[in-house]
Amino acid sequence: MKQKCILILLIIQLFSTLLFSQERKNQVQISKPLLRIFPVLQIQECEWAIRMDVCWKCLRMEKRYAQKIYFYEDGVYREHGCYTEKEGFSVLQ
């Protein structure tokens, strides 16, 4: 039962992310994007991450969980991904 609930929540998050990303393409940013890099070193530290699934993937690839935050007139939009000093920020699909 718990696994089904988690799966449903992940599917809802995926569809909402796709929906909002299409809407954002037509809007103008009001400032430069902000890059937040979290100091995640162990899988237990992913509990506070907004996207735990992304956090776990980043740790497996020996990267850190990060967010790129875009500011628009009607709110903010976040891209979730991984970060390394060498490669920079990369969005996980």
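Here are the numbers for this structure:
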| item | result |
| --- | --- |
| Residue within the range 43-53 that is touching a helix residue (DSSP H, G or I) at 6+ places or on another chain (Cβ under 8 Å), in a loop (DSSP other than H, G, I, E, B) and free of Cβ contacts under 8 Å to residues at least 24 places away in the same chain present | yes |
| Residue check, Tyr83 out of contact with any Ser or Thr (no Cβ under 6 Å at 6 or more places or on another chain), modelled with pLDDT of 90 or more and surrounded by 19 or more Cβ atoms within 10 Å (Cβ to Cβ) | yes |
| The range 51-86: number of residues that are touching a Lys or Arg at 6+ places or on another chain (Cβ under 8 Å) and among the charged types (D, E, K, R) | 3 |
| In the range 54-67, residue nearest to Phe89 (Cα to Cα) [restricted to those that are within 14 Å of the chain's Cα centre (by Cα) and either assigned to a loop (DSSP other than H, G, I, E, B) or β-branched (Val, Ile, Thr) (or both)] | Lys63 |
| Filter result for Glu45 (surrounded by 10 or more Cβ atoms within 10 Å (Cβ to Cβ), of a type in the set (Asp, Glu) and at pLDDT 90 or above) | no |
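The values are calculated or read from the model by the stated rules, or taken from the named source; none is laboratory data. Bear in mind the structure is a predicted one, so any value in this text is a computation, not a measurement. Reconstructed Cβ throughout: ideal geometry from the backbone, glycine too, with neighbour counts over all protein chains shown.
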